[in-house]
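Structure first, commentary second.
Every number in this text was worked out from the coordinates using simple rules, so none of it is lab data. These numbers come from a predicted model, not from an experiment. Methodologically, a virtual Cβ is constructed for each residue, glycine included, from the backbone with ideal geometry; neighbour enumeration extends over all protein chains shown.
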Amino acid sequence: MRSKMKVWAKTFFSAGFILLGFAVGPRFLTGDELPEIQPKVDFSNWQHKDGGNPIRWNITADFVEVLPGTGDIETIAKHQDFNMHLEFWLPLEASRQGQDRANSGIYIQGLYELQILDSSMVDEPTNQDCGALYKQMPPLVNACKGPLTWQTYDIEFRAPRVDDNHRVMIPGEITAWVNGELVLDQVPITKPTGAAGRQPQLGVGPIRLQDHGSPVRYRNVVITPRFN
């Protein structure tokens, strides 16, 4: 297995979104290590899946929160290969079970979902639990913390290479950490996940955060292009 953190980012704001970060430091910072710097929050480069801008989620000085029923949000920019850091916060939904319990997700290129879910009480995570490549690969460990606390996702993604007919010529690859623990280790990417399964693979696409009906919060989203 690979080491749980890799070089690419040093300085993060304590809240809000940074759409493009740059590799300037020795390693990832965990949520507890993030400096208390008041950011300039700017969501102008995000839109709803239907093209709506500005986004209709709840925006505060410290985070953005899913407003259930308003739909997913995604970057206007399209991305190919990149590293990504974000933090997420799950609400306590004690009366809900399974996939209804604090559900959201990170859709890479709008096609490949990394699951976000309150899986904190799961002994053996499945391919539908937090840290999974949804319905394709379960996480290596259950690294999910309980609700009402900030958690981290760190992602390294290399996109599939496709031909003019959207056929995969070279599989992509994804490695991910949840709360600093390796959950996906160089997993091949050959087809979309779940509900995105019938969409064409273009080799580039937006980063999407899912509205699955729970008021999940996000902050410190940093997308760093990789130039191989």
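Beyond 26 Å between alpha-carbons counts as too far, so tell me which of Lys78/Lys145; Lys49/Lys191; Lys145/Lys191 fall in that bin. Table pairs above 26 Å Cα-Cα are Lys78/Lys145; Lys145/Lys191.
In terms of the mean number of neighbouring beta-carbon atoms within 10 Å, the peptides 82-90, 118-126, 199-207 order highest first as 82-90, 199-207, 118-126.
For the pair Asp100 and Asp123, the difference between a 0.36 nm per residue extended length and the Cα-Cα distance amounts to 6.5 nm.
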